[in-house]
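The values are calculated or read from the model by the stated rules, or taken from the named source; none is laboratory data. Predicted model only: the values in this text are computed from it and were never measured. Virtual Cβ from ideal backbone geometry, glycine too; neighbours counted across all protein chains shown. Only protein heavy atoms, including side chains, enter the accessible area calculation; ligands, DNA and RNA are left aside. Shrake-Rupley method; radii C 1.70, N 1.55, O 1.52, S 1.80 Å.
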Amino acid sequence: MDTREGNGFDPTTLHKYLYAGSDPVDRRDPSGHDFDLGDVLVTAAAAVTIAAIAILTFSQNSISQSPQFQGVEAQNDAKLLAISAINTLQNGSTWGFVQYFGMPANTDRTQRIANNYLLILNYLQHDITFASSNANEYAHCFLNQPDRIWLGKLFYSAPWSGIDSKPGALIHEVTHLALQTVDQQWGGVTMYGQQNAMTLADQAPSQAEANPDNYEYFAETNNMYGGWGSGVQ
């Protein structure tokens, strides 16, 4: 029996015999006393890691060159990037936050960005269809065509981890789809690229909150997991 009093604002914590807020599939509660978003993220990360290892088992198969295979592998890695970003924000890293989302780095803004990453993570659970594009780009999508992403030439030559990675490209595209936002312009320039993302954070923080590249680069620079897809070339 749970010996804690519970939280009056969350009825699931008041029941003495419920485990993990009545959600044992997505949450864990080793102490029997508490559960939170961090527990959800640990569970999600474990599931993604298992899926990534399973995919790598077939990395030598010719199907690994297909856009769907490469896209799904990058999608799994993108989930880990989103989880890394949420963990970083929850741990109170203000330096990285200011670099890509600007000032002020207060609780309201960091929580808002963390919630946006949670929306991105949730969208990455979708069954996304990937197709190839002949354009000299990383990827593109259309807001009126959910769950479909086109992978460009730059995607296939991109690394599996680090800046401008395959998973990072999907963070960018899913930011469009999950937050229903567009690439921001500032000073007549569309703010693509790491340097432009940092400039936007410094000069127009509210726009940085809506710019997909800012979400990509914050997640890539706070990656806790490395690049599971590195075996798929």
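Figures for the structure shown
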{"quantity": "Karplus (6.51, -1.76, 1.60) ³J(HN,Hα), θ = phi - 60°, over segment 84-97, in Hz, Gly and Pro reported as x", "calculated": "4, 4, 5, 4, 4, 5, 5, 7, x, 6, 7, 4, x, 5"}
{"quantity": "Solvent-accessible ranking of 199, 94, 181, largest area first, probe 1.4 Å", "calculated": "94, 199, 181"}
{"quantity": "Relative contact order (%) - criterion: Cα under 8 Å, at least six apart; region: segment 65-162", "calculated": "26"}
{"quantity": "Sites residue 189 and residue 145 - FRET efficiency at Förster radius 30 Å, r taken between beta-carbons, to 0.05", "calculated": "0.65"}
{"quantity": "Point-to-point label distance, residue 91-residue 153, nm (Cα→Cβ direction, 7 Å offset)", "calculated": "3.9"}
{"quantity": "Rounded percent of accessible protein surface that carbon and sulfur make up, segment 59-141, 1.4 Å probe", "calculated": "50"}
{"quantity": "Amide H contacts of residue 132 (H built 1.01 Å from N, under 5 Å, at least 5 apart or other chain)", "calculated": "151"}
